[in-house]
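Q: Below is the structure I would like to discuss, written out as structure tokens.
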Amino acid sequence: MKILKAREMAFCDENSIRLTGIPSLVLMENAGRTASQIILEKLDFQSAVVVAGSGNNGGDGLVIARYLLLSGKDVKVFILSDTTKKLSEDNRKNLEIFETFGGSVSLIGKDKLGKLRNAVKNSDIVIDAVFGTGFTPPVKGYREKAIELINRYSKTVVAVDIPSGLSTDTGNIEGVHTKADITITFAYPKPAHILYPACEFCGDVYVVDISIDRQYAKAVKRYLLEPYEIVLPERTKNSHKYTYGHLLVIGGSAGKTGAPIMASKSASAAGSGLVTAVVPRELDYIFESNLIEEMTIPVDSTDGEFGKKAIRQIKEIIRKGKFTSISAGMGMSVNEHTVEIIKEILKAKMPVVIDADGLNNLSIIDNYKDILKKRKYPTVLTPHIGEMARLTGLHTRDIINNMEDVAKEFSKETGVYTVLKGSRTVISTPEGTVFYSIRGNEGMATAGTGDVLSGILGTMVFRLGAEEGVKTGVYIHGLSGDIALRFINAESMRATDLIRFLPDALDMLKSYRHRYSFYSHIDPLKSLLESYPERPE
């Protein structure tokens with residue numbers, strides 16, 4: 001499923017009408033009919049108020065009103081305009097049809113908001129069809145007051161395409177907007193449905209197929225990761241442990257031994273045939289007592305950090321070992337020796353995942369972008385916002401507000417797969433294709449979850465190849481956290497809980513079956529997660 005911005009959606013609309021030949025009224029009818037079906041299926045109500053704008057979003061609302069009226073509901077329509085002359089052509093046509101069916105319509109100017117307020121207070125649900133995806137905030141004038149009274153007095157709000165007042169292309173909030181319990185969007189989800197904080201005001205988001213010709217979205221390379229597109233690794237009976245890869249984990253320092261331990265354990269849980277951790281010699285006893293299935297190779301260390309001799313030792317370990325991929329940097333610390341170790345790791349003739357202190361070491365190498373660009377093997381970088389700021393020199397605020405563009409530009413510039421971690425994770429390929437993951441939750445905002453991801457990714461990039469491995473790794477990591485939340489309070493969740501529930505995440509994806517429908521929830525696994533037991537048996 002692609003994610004479209006406002007101009008991209010308008011392009012698809014216009015060309016579906018002008019070139020493919022689907023009349024705009026047909027698209028509007030498809031939108032309103034399926035939206036009304038969702039409303040009738042998901043909500044128990046008798047009365048509805050439709051608050052419509054003067055554009056085509058209002059026209060969609062009028063189609064919804066007609067179908068709700070035909071289903072026997074008490075429906076009142078209020079159009080935020082003082083004259084029908086200001087309505088779009090399709091809006092006006094559907095107004096005429098609705099009135100022909102006996103529907104009640106009131107035109108609301110700035111002096112008639114009291115009538116709207118009373119109707120909203122006495123209605124079971126409100127349909128917000130004021131502004132669509134083409135609107136640019138902020139809302140002004142009496143429409144602002146109309147939205148405020150919807151938020152204040154309505155019991156349940158259903159937004160048509162997007163909650164009125166939100167910016168379609170970002171997660172940013174500018175001024176007043178409706179707060180929806182359900183949002184029904186058309187053809188494709190939009191960034192506001194995905195990104196925080198805007199997505200918190202969308203409620204449950206449903207995407208409706210209205211017969212937009214998809215050829216006009218071919219140029220868009222922005223996707224939402226969906227469960228039925230996630231490729232899972234497979235095992236065959238005629239195999240052995242080396243069939244499934246040997247991951248080399250490099251990291252750890254005094255006070256940070258847990259990081260490579262979690263990365264090693266998550267790699268095993270994700271399906272790596274063997275896992276070996278290269279660790280500071282002084283701390284090896286800690287790793288030996290915590291890693292059972294995974295192996296360790298201790299190397300030179302000083303004061304609990306990798307020492308000078310470790311540089312050559314790690315170089316030889318990589319050269320002589322039968323490793324298939326490397327995950328490095330977790331808990332490594334930053335010093336003159338670790339910088340050189342990262343340089344050696346990037347010479348490895350295999351996929352490499354760099355995380356945490358590996359990224360901090362990388363950021364102080366003057367020509368690190370050239371080093372990355374020259375690599376012949378896949379490289380995956382997994383920065384959070386702060387680490388990305390150190391790598392790029394950008395302010396964290398600028399990264400948060402432009403995660404997609406920052407990740408895409410960085411990947412194109414360096415040739416790496418960028419996994420930019422935040423409240424939503426953004427993946428960018430070296431070619432500039434972007435994937436969003438909506439998996440994960442607030443309980444994962446705790447130390448060590450990134451280390452767990454690094455181990456999963458180190459496994460998956462060998463098992464599935466770079467692009468599919470990154471997509472699958474990110475998705476199952478977040479899904480493990482979502483399953484964990486069913487068992488554990490978000491305040492108490494730990495990174496190791498993700499490892500515990502990783503098998504459940506793999507099982508859920510293996511058992512998931514996708515069936516085409518004219519509409520779908522933006523998160524197809526929502527119902528499966530909600531049906532999970534709240535406590536383990």
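The values are calculated or read from the model by the stated rules, or taken from the named source; none is laboratory data. The structure presented is a predicted model; accordingly, all values stated were derived computationally and were not measured. Glycine also receives a Cβ, built like all others from the backbone with ideal geometry; neighbour counts cover every protein chain displayed. Just the protein is used for accessible areas: all its heavy atoms, side chains included, with ligands, DNA and RNA removed. Shrake-Rupley method; radii C 1.70, N 1.55, O 1.52, S 1.80 Å.
Q: Please specify each residue of the stretch 145-173 satisfying the condition of being over 19 Å from the mean Cα position of the chain (by Cα), open to solvent by 20 Å² or more (accessible area, probe 1.4 Å) and either of a type in the set (S, T, N, Q) or at pLDDT below 95 (or both).
A: N151, S154, T156
Q: Look at T459 and say whether it is open to solvent by 30 Å² or more (accessible area, probe 1.4 Å) and either within 30 Å of G255 (Cα to Cα) or modelled with pLDDT of 95 or more (or both).
A: Spelling it out, it is not the case that T459 is open to solvent by 30 Å² or more (accessible area, probe 1.4 Å) and either within 30 Å of G255 (Cα to Cα) or modelled with pLDDT of 95 or more (or both).
Q: For the condition closer than 30 Å to C12 by Cα, at pLDDT 95 or above and in contact with a strand residue (DSSP E or B) (Cβ under 6 Å, 6 or more places away or on another chain), what is the one hit in Y196, Y188?
A: Unique residue meeting the criteria: Y188.
Q: Go through the stretch 407-428 and give me each residue that's buried (at least 20 other Cβ atoms within 10 Å of the Cβ) and either part of a helix (DSSP H, G or I) or in contact (Cβ under 8 Å) with a residue 40 or more places away in the chain (or both).
A: A407, K408, F410, S411, T414, V416, Y417, V419, R424, T425, I427, listed by residue number.
Q: Name the single residue, out of those in the stretch 91-134 being buried (at least 20 other Cβ atoms within 10 Å of the Cβ) and of a type in the set (V, I, T), that is nearest to R33 (Cα to Cα).
A: Selected residue: I127.
Q: Can you tell me which residue in the stretch 236-273 is most open to solvent (accessible area, probe 1.4 Å), limited to those that are in a helix (DSSP H, G or I) and among the charged types (D, E, K, R)? Break it down into steps so the answer makes sense when it comes.
A: Our first condition is that a residue be in a helix (DSSP H, G or I); within the stretch 236-273, this holds for 241-244, 258-270.
From what's left, among the charged types (D, E, K, R): 241, 265.
On the way: K241: 116, K265: 66 Å².
Residue satisfying both the conditions and the ranking: K241.
Q: Which numbered condition in (1) out of contact with any Ser or Thr (no Cβ under 7 Å at 6 or more places or on another chain); (2) part of a helix (DSSP H, G or I) is the only one that L283 fails?
A: (1)
Q: Restricting the stretch 378-406 to residues that are among the hydrophobic types (A, V, I, L, M, F, W, C) and assigned to a helix (DSSP H, G or I), which is most open to solvent (accessible area, probe 1.4 Å)?
A: I400
Q: Is it fair to say T433 is open to solvent by less than 10 Å² (accessible area, probe 1.4 Å), out of contact with any Pro (no Cβ under 9 Å at 6 or more places or on another chain) and in contact (Cβ under 8 Å) with a residue 40 or more places away in the chain? Spell out how you get there, then give the answer.
A: Details: open to solvent by less than 10 Å² (accessible area, probe 1.4 Å): no; out of contact with any Pro (no Cβ under 9 Å at 6 or more places or on another chain): yes; in contact (Cβ under 8 Å) with a residue 40 or more places away in the chain: yes.
No; evaluated as a whole, the condition is false for this residue.
Q: Next up: Report every pair of residues separated by at least 6 positions or lying on different chains whose Cβ atoms are under 6 Å apart, first residue within the stretch 206-235 and in contact (Cβ under 8 Å) with a residue 24 or more places away in the chain, second open to solvent by 80 Å² or more (accessible area, probe 1.4 Å) and part of a loop (DSSP other than H, G, I, E, B).
A: D209/F518; Y228/H514
Q: Step by step: first the residues of the stretch 183-222, then only those that are of a type in the set (K, R) and part of a loop (DSSP other than H, G, I, E, B), then the one that is farthest from M403 (Cα to Cα). Which residue is that?
A: K218
Q: Listed residues S81, S88; which is polar (S, T, N, Q), open to solvent by less than 60 Å² (accessible area, probe 1.4 Å) and under 27 Å from K121 (Cα atoms)? Before the answer, list the steps.
A: Details: S88 fails: under 27 Å from K121 (Cα atoms).
It is S81.
Q: Within the set of pairs 6 or more residues apart or between chains, which connect a residue that is of a type in the set (F, W, Y) inside the stretch 263-292 to a residue that is assigned to a helix (DSSP H, G or I) and buried (at least 20 other Cβ atoms within 10 Å of the Cβ) with Cβ atoms less than 8 Å apart?
A: Cβ pairs passing all conditions: F287/P260; F287/I261.
Q: Here are some residues: I318, I326, I314, I341. Which one is under 37 Å from the mean Cα position of the chain (by Cα) and in a strand (DSSP E or B)? Talk me through it step by step, then tell me what you get.
A: Values: I318 fails: in a strand (DSSP E or B); I314 fails: in a strand (DSSP E or B); I341 fails: in a strand (DSSP E or B).
Checking each option against the conditions leaves just I326.
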